[in-house]
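The values are calculated or read from the model by the stated rules, or taken from the named source; none is laboratory data. Note that the coordinates shown come from a computational prediction; the quantities given were computed from them, not determined experimentally. Glycine gets a Cβ as well: all are built from the backbone with ideal geometry, and neighbour counts include every protein chain shown.
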Amino acid sequence: MKKLFIATLLSCLVSAQTAQANINVFACEPEWGAVAREIGGDKITVTVATTALQDVHQIQARPSLIAAVRNAQMVFCSGAELETGWLPVLIRQAGNASVQEGQPGSLFAANYVEKLEVPEKLDRSQGDIHAEGNPHIVTDPRNVRIVAKIFADRLKILDQPNASYYDAQHETFDKKFSAAIAGWEKKASGLRGMPVVVKHRIWVYLIQWLGMKDIASLEPKPGVPPTSSHLASLLTRLQATPAKAIIIASYEDNKAPQWLSEKTGLPVVTLPYTVGGNDKAQDIFSLYDNTISQLLGVPQ
């Protein structure tokens, strides 16, 4: 009887530990770390590789990041070549079979949404273009909603004992987030047709979502710093086709935008781009709250 009691107790302890076991998620960007926490709750542990004040194209494959990938059950990133300069190195050096591409523990968000600016042919003379299309899908929250469902489904595969928990978490998030999207769209209806200048082409999804107009870029080609001749031609273009604002991300250098602002009188609007981009964009909901509020603050 005593042996049976001990065996039963051990079995219960193992079952409890299994149900409460954390899934380690390595998120490349803050937005996916925020989504992971919304869905995974206290059943997962999230490590985010970057901050909102970093250019994700330029991250170094540090030993601490390699260790985090080695211990992860899932790698959750944007994909579409956004992390191509460092993520493959991390995965290769981590030697973690669970997060290799094609496994449930490998999730690239851009694979599940309709990507914009997919080039018809690769021509590096056109600048830093991405073969799979523009990877900055986070600026449209409708993309985030799609990816959140995929993430929840992956968690259910990786942690089957807690599948019902992830279903419930996702259902709660999706209901709240879809209502928020409707609210943002209603609030931002006045932004439709608003012409803006951008620095780098990270806002194409935002601009399409809200019906704004991207009339010029400070970069002559994607990833190519603005030259004096390009800026001069930009001034001429803006005289013929005026804009309302220059929008940049919190991690972008504002030297060229400020120069253009001084020449044209256009305000520079620094949007958070991702979670943590400013002190008012601290989760996936307030990210879009703040983005919409700042754009509505532009004089019309």
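Take L235 and decide whether it is surrounded by fewer than 17 Cβ atoms within 10 Å (Cβ to Cβ) and of a type in the set (A, V, I, L, M). If you could, list the steps in order and put the result at the bottom.
Values: surrounded by fewer than 17 Cβ atoms within 10 Å (Cβ to Cβ): yes; of a type in the set (A, V, I, L, M): yes.
Against the criterion (surrounded by fewer than 17 Cβ atoms within 10 Å (Cβ to Cβ) and of a type in the set (A, V, I, L, M)), L235 qualifies.
Go through (1) modelled with pLDDT under 95; (2) buried (at least 18 other Cβ atoms within 10 Å of the Cβ); (3) in contact with a Ser or Thr (Cβ under 9 Å, 6 or more places away or on another chain) and name the single condition A256 misses.
The number of the failed condition is (3).
Applying the selection to region 263-278, what residues are in a loop (DSSP other than H, G, I, E, B), under 17 Å from H136 (Cα atoms) and of a type outside the set (F, W, Y)? First the steps, then the outcome.
Quick first cut of region 263-278, residues in a loop (DSSP other than H, G, I, E, B) only: 265-267, 272-278.
The next check asks that each one be under 17 Å from H136 (Cα atoms); those that pass are 272-277.
P272, T274, V275, G276, G277, listed by residue number.
Within region 279-295, how many residues are buried (at least 17 other Cβ atoms within 10 Å of the Cβ), over 16 Å from V138 (Cα atoms) and free of Cβ contacts under 8 Å to residues at least 40 places away in the same chain?
Number satisfying all stated conditions: 1.
Going by what's in this entry, would V298 be described as in a strand (DSSP E or B) and either in contact with a strand residue (DSSP E or B) (Cβ under 6 Å, 6 or more places away or on another chain) or crowded, with 17+ Cβ neighbours inside 10 Å (or both)? So that I can check it myself, show each step before the final result.
On the way: in a strand (DSSP E or B): no; either in contact with a strand residue (DSSP E or B) (Cβ under 6 Å, 6 or more places away or on another chain) or crowded, with 17+ Cβ neighbours inside 10 Å (or both): yes.
No; evaluated as a whole, the condition is false for this residue.
Please specify each residue of region 179-210 satisfying the condition of being assigned to a loop (DSSP other than H, G, I, E, B) and within 20 Å of the chain's Cα centre (by Cα). Give the steps one after another, and end with the answer.
First pass over region 179-210, keeping only residues assigned to a loop (DSSP other than H, G, I, E, B): 188, 192-194, 199-203.
The answer is K199, H200, R201, I202, W203.
So in region 239-252, with the set limited to residues that are at pLDDT 95 or above and among the hydrophobic types (A, V, I, L, M, F, W, C), which one is farthest from P299 (Cα to Cα)?
It comes out as A249.
Where in region 30-119 are there helices (runs of 4 or more DSSP H), lying fully within it, with 2 or more residues that are at pLDDT 95 or above and under 16 Å from the mean Cα position of the chain (by Cα)? Spell out how you get there, then give the answer.
Values: elements: 30-40, 63-70, 87-94.
So the answer is 30-40.
Can you tell which of R154, R201 is basic (K, R), closer than 25 Å to T270 by Cα and surrounded by 18 or more Cβ atoms within 10 Å (Cβ to Cβ)?
R201
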